[in-house]
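Shown next, in structure tokens, is the structure this report addresses.
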Amino acid sequence: MLRHLFLHRVRNRAHQLFAFLFPKGFDGEVFICGGAFKPLLRKGLVMHDLDLWVRDRKQRAKLCQALLDRGAVLLQDFHPYCLKFRLEGQIIEITYHNVKDGTLADVLNTFDIALCAMGARFAAGRLEEVHVTEECWQSIRAKEVRLLEAYFCFIGLQKPASLLRSLHRMGQKAAELGYQVNSDHEHRLWDIYWHDYSEDERRQAMDLYFDTMVAYKGQHDERIVHRASVAYVPIPKAQGDVTPLSVPPRLRPLPA
């Protein structure tokens, strides 16, 4: 597929999504990014949720009110992550992340999965721009689930708790699309987790995984949880003493 043709499909998809959200228009500014465009990657694929971004708290309140006026129902205020709505059976999530004066490309560079780095920006009811990052496009062409290099830089500097969630999402995207997981990127994440993260940072990553993927999304990858929980290496018997230590009487344990 040629890139300009794919961009045309992204543009058409963006128009369809905005028309569904606001058939009578919306005079604010909103970014539609990520999984909303997933059906373009595989025919028949279902969009699980529609993710929206705004610049600040004021725009978030305006967008929430517009959705409520449209007939949406607030299901959960999952602060500090997102507000979750349902509109005509479709789940809509408004992130608490403030775009501020950032561009559409800036929003996409905050993602972890390269395949999700596509989106559109609407202002005053008009489609102002669409964007598909180069890494997203190359991931589509290779039919491979990769991570954005910006995300590797982020986790290298900040050690965010989102690392395990990203590992889960890589496998999930691959299964949905019939793509392969980039093994180098997967191994890099695990290497960072075990060698660069402290014990406390690993615990925070596990807590976030259960808060967001298990409790909120209802998803659980036992393989990831097991691998992330194994924090020791068994000691072979050959490395132990052959005979028991002779303990002085005063140091021997008392009978139970």
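Values computed for the structure shown
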{"read-out": "Average Cα contact separation per residue, the chain, under 8 Å, 6 or more apart, as relative contact order %", "value": "15 percent"}
{"read-out": "Probe 1.4 Å - accessible area at V225, Å² to nearest ten", "value": "30 Å²"}
{"read-out": "Where GluC sites (Glu not before Pro) fall in DSSP loop in region 53-130, at most 14 other Cβ within 10 Å", "value": "E88"}
{"read-out": "Gained length - R203 relative to R42, 0.36 nm times residue gap less alpha-carbon distance", "value": "54.4 nm"}
{"read-out": "Sulfur and carbon atoms: percent of accessible area, region 143-225 [1.4 Å]", "value": "47 percent"}
{"read-out": "Accessible area (Å², per residue) of the chain, counting only protein heavy atoms and a probe of 1.4 Å", "value": "57 Å²"}
{"read-out": "Counted charge near L7, where neighbours are those whose Cβ lies closer than 11 Å (Asp, Glu -1; Lys, Arg +1)", "value": "+3"}
{"read-out": "Efficiency of FRET between E134 and F154 - r from beta-carbon atoms, R0 22 angstrom, step 0.05", "value": "0.80"}
{"read-out": "Point-charge dipole on Cβ atoms (K/R +1, D/E -1) for region 1-134, about Cα centre, debye to 20", "value": "360 debye"}
{"read-out": "Share of carbon and sulfur in the accessible heavy-atom surface of region 1-134 [1.4 Å probe, %]", "value": "51 percent"}
{"read-out": "Region 205-220-region 108-176 distance, computed between alpha-carbon centres (Å)", "value": "19 Å"}
{"read-out": "FRET efficiency estimate (nearest 0.05) - Cβ-Cβ, V73 to A105, R0 22 angstrom", "value": "0.10"}
{"read-out": "Estimated [θ] at 222 nm from DSSP helical runs (n ≥ 4, -39500 (n - 2.57)) normalised by residues in the chain, nearest 500", "value": "-12500 deg cm²/dmol"}
{"read-out": "Most mobile listed residue (R55, R141, R121) in the chain, GNM with C-alpha springs under 10 Å", "value": "R141"}
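The values are calculated or read from the model by the stated rules, or taken from the named source; none is laboratory data. Keep in mind the model is a prediction, meaning the values are calculated, not measured. Every residue, glycine as well, gets a Cβ built from its backbone with ideal geometry; the counts of neighbours run over all protein chains shown. Accessible surface areas use protein heavy atoms only, side chains included; no ligands, DNA or RNA. Shrake-Rupley method; radii C 1.70, N 1.55, O 1.52, S 1.80 Å.
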